[in-house]
1. For the range B:85-107 and the range B:118-144, compute the distance between their C-alpha centroids and round to whole Å.
2. Among A:75-81, A:10-16, how do they line up by average Cβ neighbours within 10 Å per residue, starting with the highest?
3. Is there a simple number for the mean count of other chain Cβ atoms within 10 Å of the Cβ of residues in A:23-32, and what is it?
4. If you wrap a convex hull around the C-alpha atoms of the range B:65-171 and split its volume per residue, what is the figure in Å³?
Amino acid sequence: MAAKAIRVKGIASIIVTGGVAAENILSFREDHVHNMTPQFVPNVYKGVDVLQRAKFRRLTVVFDSDTNIFDAYWKVAAINVVMPATLVVTFDMAIADGVETTMTWTYVANKSWVTKKEFGRIEDEVKRSTFEYEIICYGTKVPA
Amino acid sequence: MAEVIYDRVKSVAIGTTAGASVTITNVLAFAYRIVTVEEGMVVPISVINDDNPSGVHQGHSYYEMLMVLDTDWLVDEGDATSIWAYGPTGVVVNNDGDFAIDEDGENGDIEYFVVTITEHDATETTLTFADGLAATEKTVWCMGETSEFSNEDGAPHQTVTYRFICLGDLI
């Protein structure tokens with residue numbers, strides 16, 4: 001029988017180094033946008049050094065409940081600040097039957113910005129009130 | 001637009017030649033379609049990674065392919081840093097020593113790209129997008145990567161999807 005493929009079981013945590021790990025994660029998505037065609041970078045990204053035709057990653061994290069993990073980088077009345085620390089996402093991995101481990105993706109320091117923060121609606125009969133953050137970053141992602 | 005999706009993929013071999021390639025087996029699905037811009041009449045893709053490959057003309061059609069993996073690890077590798085697409089532990093995909101994905105610069109063209117499909121009757125079909133010979137150089141590129149993970153109950157798969165483009169005919 002062929003060896004079972006190594007696979008990701010789920011997301012264990014996300015942490016900004018030096019902070020507290022958030023584990024109430026519903027989903028995590030990473031888009032690595034390549035420069036197939038000239039990209040016009042809209043104003044929302046202006047000021048973060050993501051230039052036309054540059055590659056960047058768009059991370060979308062949905063939390064099951066509130067978290068303050070990114071609050072230091074989100075400003076209402078001012079420009080958002082760069083994350084001066086690394087962002088580490090940890091995944092639970094299955095590498096064989098009954099054998100599990102973890103994998104981390106580390107997004108390097110001073111390359112990430114929170115660009116969107118969206119609260120779910122808190123109402124009766126709503127199954128979940130999610131909190132979604134979108135982060136863009138560029139530079140190397142380090143797997144380990 | 002027609003799209004072909006295979007969910008019984010035996011392997012996808014990627015590299016420089018048949019002898020210098022890796023065989024990726026943790027493939028959940030492979031899909032391809034033919035993209036024809038304005039029915040082949042106007043405005044083609046003209047630039048890929050700042051490179052204007054020969055043979056890309058006005059009205060040039062191309063294949064767009066998706067490879068959906070369980071993870072971006074090389075199968076059977078216990079080391080999470082062994083990721084096929086990136087250097088320095090990834091797979092060299094052309095004679096210039098490039099990798100399929102460059103974090104900041106131009107992606108390398110993939111000179112060997114062969115997909116082996118298991119059909120419904122258990123026969124195997126091979127789709128060769130690039131065969132490692134000179135004629136298929138600079139015709140296949142990786143164009144994007146999307147990773148999707150969910151902790152929701154019932155999430156069937158946690159996937160890493162790579163998008164490719166092929167400017168040549170299937171061999």
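Throughout, read-outs are computed from the coordinates displayed, never taken from laboratory work. Since this is a predicted model, take the numbers as computed values, not measurements. Please note: Cβ atoms are built from the backbone with ideal geometry, for glycine as well, and neighbour counts cover all protein chains shown.
1. Centre-to-centre distance over Cα atoms comes out at 18 Å.
2. A:10-16, A:75-81
3. Mean number of neighbouring Cβ atoms from other chains: 5.
4. 135 Å³
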